[in-house]
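Undergrad: The structure's right below; bear with me while I get my questions together.
The values are calculated or read from the model by the stated rules, or taken from the named source; none is laboratory data. Here the structure is a predicted model, which is why all the values come from computation and not from measurement. Neighbour counts run over all protein chains shown; Cβ positions are idealised from the backbone, glycine included.
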Amino acid sequence: MKKLLLTACTAAIGLSTVRADDVALLTFQIGNDKKNLKQAAVEFYDADAPLTVENFKKLARKRFYNGLAIHRVFPHLLVQMGDPYSARHDRAKVGTGGPGYTIPPEIHRKHIKGAVAAARLSDRINPGRFSNGSQFLICLAPMPSYDGKYTVFGDVVWGLDALDQISEAPVDTNDNPIQRVEIKSIKILPREQLPSGPMQPAPPTTHKKPWWKLF
């Protein structure tokens, strides 16, 4: 019966089978700075949250996340993103959007440092704890108070320091960074194609003269 339910839910949101060892490469731009992009890499808990993982991969492959913004930060605690309303510069509805569907809860993992979890509406409105179809948060520190309440579907392999820096940004009254932090892309890659570490700024050009012209 459980297998039948899982198959039905998968068909309902149009998911397809993908490699279990795929990872995600997230690239961010802060303000208008196109030279010093920030990156983080995420691996998935395919066995513990198959519906949530495959939905995330599907949206990333469709470039759903490209151009959206990190819309909620708490210093050294969490960053949240994935709301399609954040593509606009009007912040009135940011935090309330999604792709038009929810995902059944798959609550198994704990909110350790680096955990990636699906966002959702509160228990008062959403007692079934269904996940938002696109919004997600990344824990920058252990958050045990969230354990048993949200679907954790991955963890950050590297780049957590870059996300921690982003979390320090000045915010408005809704904890939305005042300076836009945009998702340039989320790419799903085979693990062997993932870069070995975060993107580094290009070294400055020195334009030194050849030694024979110094005399």
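Undergrad: Ile112 fails exactly one of the following numbered conditions: (1) surrounded by fewer than 19 Cβ atoms within 10 Å (Cβ to Cβ); (2) over 17 Å from Asp48 (Cα atoms); (3) touching a Pro at 6+ places or on another chain (Cβ under 7 Å). What is the number of that condition?
TA: Evaluating Ile112 over (1) surrounded by fewer than 19 Cβ atoms within 10 Å (Cβ to Cβ); (2) over 17 Å from Asp48 (Cα atoms); (3) touching a Pro at 6+ places or on another chain (Cβ under 7 Å) leaves (2) as the failure.
Undergrad: Same structure, new question: Is it the case that some residue within the stretch 140-149 is basic (Lys, Arg) and touching a residue at least 40 places away in the same chain (Cβ under 8 Å)?
TA: yes
Undergrad: I'd like the full set of residues that are at positive phi and out of contact with any Ser or Thr (no Cβ under 8 Å at 6 or more places or on another chain), limited to the stretch 64-94.
TA: Gly67
Undergrad: Would you please name the residue that is surrounded by the fewest Cβ atoms within 10 Å (Cβ to Cβ), looking only at residues in the stretch 30-62 that are polar (S, T, N, Q) and either touching a strand residue (DSSP E or B) at 6+ places or on another chain (Cβ under 6 Å) or in contact (Cβ under 8 Å) with a residue 24 or more places away in the chain (or both)? I'd like the intermediate steps shown before the answer.
TA: Within the stretch 30-62, the first condition is being polar (S, T, N, Q), and the residues that meet it are 32, 36, 39, 52, 55.
Imposing the further condition that a residue be either touching a strand residue (DSSP E or B) at 6+ places or on another chain (Cβ under 6 Å) or in contact (Cβ under 8 Å) with a residue 24 or more places away in the chain (or both) reduces the set to 36, 39, 52, 55.
Working: Asn36: 11, Gln39: 19, Thr52: 26, Asn55: 24.
My answer is Asn36.
Every residue, every condition in (1) farther than 21 Å from Tyr65 by Cβ; (2) at pLDDT below 95; (3) in a loop (DSSP other than H, G, I, E, B), yes or no:
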| position | (1), (2), (3) |
| --- | --- |
| Ala8 | yes, yes, no |
| Ala11 | yes, yes, no |
| Leu15 | no, yes, yes |
| Leu25 | no, no, no |
| Asn32 | no, yes, yes |
| Asn36 | no, yes, yes |
| Glu43 | no, no, no |
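Undergrad: Give just the number: which of (1) closer than 23 Å to Asn174 by Cβ; (2) in contact (Cβ under 8 Å) with a residue 40 or more places away in the chain does Leu121 not satisfy?
TA: Result: Leu121 passes all but (2).
Undergrad: Which pairs have Cβ atoms under 9 Å, sit 6 or more apart or on different chains, and link a residue in the stretch 74-97 that is crowded, with 19+ Cβ neighbours inside 10 Å to one that is among the acidic types (Asp, Glu)?
TA: Here the result reads Val79/Asp164; Gln80/Asp175; Ser86/Glu182; Val94/Asp83; Gly97/Asp83, each pair linking the stretch 74-97 to a residue that is among the acidic types (Asp, Glu).
Conditions (1) surrounded by 10 or more Cβ atoms within 10 Å (Cβ to Cβ); (2) modelled with pLDDT of 95 or more; (3) under 14 Å from Leu78 (Cα atoms), marked per residue:
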| site | (1), (2), (3) |
| --- | --- |
| Leu163 | yes, yes, yes |
| Ala169 | yes, yes, yes |
| Ser185 | yes, yes, no |
| Ile188 | yes, yes, no |
| Thr206 | no, no, no |
| Leu214 | no, no, no |
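Undergrad: Phe136 is checked against (1) free of Cβ contacts under 8 Å to residues at least 60 places away in the same chain; (2) among the hydrophobic types (A, V, I, L, M, F, W, C); (3) under 15 Å from Tyr45 (Cα atoms) and fails just one. What number does that condition carry?
TA: The one condition Phe136 does not meet is (1).
Undergrad: Let me ask something additional. When Val181 is evaluated against the numbered criteria (1) among the hydrophobic types (A, V, I, L, M, F, W, C); (2) modelled with pLDDT of 95 or more; (3) surrounded by fewer than 11 Cβ atoms within 10 Å (Cβ to Cβ), which criterion, by number, is the only one it fails?
TA: Among (1) among the hydrophobic types (A, V, I, L, M, F, W, C); (2) modelled with pLDDT of 95 or more; (3) surrounded by fewer than 11 Cβ atoms within 10 Å (Cβ to Cβ), Val181 violates only (3).
Undergrad: Restricting to the stretch 43-92, give me the number of residues that are more than 15 Å from Ser134 (Cα to Cα) and out of contact with any Cys (no Cβ under 9 Å at 6 or more places or on another chain). Quick ask: steps written out before the conclusion?
TA: First, the residues of the stretch 43-92 that are more than 15 Å from Ser134 (Cα to Cα): 43-48, 73-78, 88-92.
Add one more test, that the residue is out of contact with any Cys (no Cβ under 9 Å at 6 or more places or on another chain), and what stays is 43-48, 73-76, 88-92.
Residues meeting the conditions: 15.
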